[in-house]
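The values are calculated or read from the model by the stated rules, or taken from the named source; none is laboratory data. All values reported here derive from a predicted model rather than from experimental measurement. Every residue, glycine as well, gets a Cβ built from its backbone with ideal geometry; the counts of neighbours run over all protein chains shown.
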Amino acid sequence: MTESRRALLAAPFLALLAAFLIAPLLRTLAEGGVSVGLLRDPYFQSRLVWTFGGATLSAVLAALVGVPLAWGLAGYRVRGASFLLRALLLPFVTPTLVAAMGLTALVGPRGWLKLDLSETPAIVVLGNLFFNLPLVVRLSHAAFSRVPSELEASARSLGASPLRAFARVTLPLAAPGLLAGVVLVFLYSALSFGLPYLLGGERYATLEVEVYALALLEGRLSEASALVAVQLVVTTPALLAYLRLARSTPLGVATRLPHRSAPLAVRLVLAAFLGFTLLVCFGPLVAVAAKSLLGPDGLTLAFWSGVASSDDPPLSFLLLNTVRFGVLTLIAAVALGVAFSLAAARSNVLDFVSLAPLVVSPVSLGVGFLLLYPRLLAELPLLVAAYVLLSTPLVVRSLLPALRDVPRGLLDLARTLGATPGQVLRRVTFPLVLPALRGGAALALAATFGEFAATLVLSRPEWATLSLGVAEKLSRPGERNLGEACALATLLMGLALAGFAALDGGRGDVT
């Protein structure tokens, strides 16, 4: 691909980044200067320690549980392993509000497990594990699966014990993929807003929550700018580390086929890790759905009836806005993501640029939008632009590995036979990367349905979505409002899953 063609393909997404990420971020940092003195405040120092300490703890716990489970699924015959790996996508596409409500129903004041962890660091860490433990399991399984079993067998034939063969052969080859997953968990946990905002309370508010409170509730933009700068100082090196690890991970399809039956001891250990994973990742979802059907007197449809008959706002209004914004975002994110991925497939610089939205929090972006584009606050395109900015990287991250895995010899052969660049793209490249495109599109749509931070900052009453409907119900006291919030949350979860299933079709590559 010529440089001019690459620049032309990358230009639309780069323009979006410049207008709706770089410019708002610089405007946020420039507002009143960066208040370094804020970092000497013991309260904000504690927020800093908790944010990155909690993210580190979440990443370590996810690795301690996810890596051994992935190793067992990749190395032994485990009945239902393929279904489990697909099912572990469910938490990743679950809206944040649904996860928060599920955790509250599970380990809240009246939780099913009779263990009240509300407004403690434990419930925030559990929330991070809910979203990110599946990520570690899937990425680690892919890393172990790409290590040919023949290499470990060769080490065994030379006298190495099973443990030594694993430590000296399998683990070093899989390590970049394993570490990449851990770094991603750290990034996602450090930049999480919805879970700490809803579950942590004032005592365990993260930097994200503090930025929101300082900028939008108290109007202290200088202090908020300082916290945004601190976030960037920590998350940018983490992102660079992830990119380096990702580039060190071998591409290609899985070569390690499970052929061994697990010994009893291994089965028991795997069962323990699997039980914990199922409880953390699926328990909250079951709890939300059940709560929407259980009243003080047992089974009831009163909460669903209340949601259906409500006119403040009507359910049809919330559904229409949710679907409308999702479809608009999906169309734009796929178009921008495909064009940018074609340009970035052979460029490390553009690869890094595609991840830029991951190191800038939605709350920071929302504050920048308020400062830089005050006249556009009443315009729907600003909200959709925020959605597109946050969703396009999901399409790009799904497409890039698939594009890089297309055999260059196959492309050269098509050109030798007289195919034009457009024909090569349509008839060779596109069919090969279609599963990855479908997976990325599915993730983008589900992320839009569940986006909470940008919606909370930028939305107006006439743009209310299911997410805001759930939040509004939760802000009211009473068993009825809680039950109706669970009904709306269940509906939102079902909508996200339906969109994901329709686009991904059970075949997309969304690792």
If you scan the range 232-248, which residues turn out to be at pLDDT below 85 and buried (at least 20 other Cβ atoms within 10 Å of the Cβ)?
Ala246
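Tell me the residue from Thr51, Thr28 that is modelled with pLDDT of 90 or more and among the hydroxyl-bearing types (Ser, Thr, Tyr), please.
Details: Thr28 fails: modelled with pLDDT of 90 or more.
None of the other options fit; the residue is Thr51.
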State whether the residues of the range 442-457 include one that is more than 21 Å from Ala345 (Cα to Cα), exposed (fewer than 14 other Cβ atoms within 10 Å of the Cβ) and modelled with pLDDT of 80 or more.
no
Tell me which residues, restricted to the range 458-481, are free of Cβ contacts under 8 Å to residues at least 40 places away in the same chain, surrounded by fewer than 23 Cβ atoms within 10 Å (Cβ to Cβ) and among the basic types (Lys, Arg).
Arg476
Hits in the range 286-340 (condition: under 13 Å from Ala444 (Cβ atoms) and among the polar types (S, T, N, Q)):
Thr329
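Enumerate the helices (runs of 4 or more DSSP H) found wholly within the range 320-419, keeping only those where 3 or more residues are under 20 Å from the mean Cα position of the chain (by Cα) and under 27 Å from Gln231 (Cβ atoms).
Values: elements: 348-354, 362-372, 380-405, 408-416.
Here the list reads 348-354, 362-372, 380-405.
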Report whether or not Val209 is assigned by the TED database to the domain that holds Gly66, in contact with a Gly (Cβ under 8 Å, 6 or more places away or on another chain) and in a helix (DSSP H, G or I).
yes
Residue list for the range 211-229, restricted to those being modelled with pLDDT of 85 or more and surrounded by fewer than 22 Cβ atoms within 10 Å (Cβ to Cβ):
Ala213
Kindly provide the set of residues from the range 34-70 that are among the charged types (D, E, K, R) and either surrounded by fewer than 17 Cβ atoms within 10 Å (Cβ to Cβ) or free of Cβ contacts under 8 Å to residues at least 60 places away in the same chain (or both), ordered by number.
Arg40, Asp41
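Among the helices (runs of 4 or more DSSP H) contained in the range 428-493, which hold 2 or more residues that are more than 15 Å from Pro313 (Cβ to Cβ) and of a type in the set (A, V, I, L, M, F, W, C)?
Values: elements: 430-450, 453-458, 466-474.
Helices (runs of 4 or more DSSP H) meeting the threshold: 430-450, 453-458.
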So which pairs qualify, if the first residue must be in the range 288-300 and aliphatic (A, V, I, L, M), the second must be part of a strand (DSSP E or B) and surrounded by fewer than 15 Cβ atoms within 10 Å (Cβ to Cβ), the Cβ gap must be under 9 Å, and the two must be at least 6 apart or on different chains?
Leu293/Leu299
All conditions in (1) in a helix (DSSP H, G or I); (2) within 28 Å of Ser118 (Cα to Cα); (3) modelled with pLDDT under 85; (4) not acidic (Asp, Glu) are true of Arg203 except (1)
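What is the residue count in the range 158-168 for residues that are closer than 18 Å to Val266 by Cα and either of a type in the set (Lys, Arg) or part of a helix (DSSP H, G or I) (or both)?
The initial filter retains those residues of the range 158-168 that are closer than 18 Å to Val266 by Cα, namely 161-167.
Next, only the ones that are either of a type in the set (Lys, Arg) or part of a helix (DSSP H, G or I) (or both) stay: 162-167.
Total satisfying the criteria: 6.
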Report, by residue number, each residue of the range 104-157 that is part of a helix (DSSP H, G or I), out of contact with any Lys or Arg (no Cβ under 7 Å at 6 or more places or on another chain) and without any contact (Cβ under 8 Å) to a residue 40 or more places away in the chain.
Val107, Ala122, Glu150, Leu151, Glu152, Ala153, Ser154, Arg156, Ser157
Is it the case that the range 121-135 has a residue that's over 21 Å from the mean Cα position of the chain (by Cα) and either among the aliphatic types (A, V, I, L, M) or surrounded by 17 or more Cβ atoms within 10 Å (Cβ to Cβ) (or both)?
no
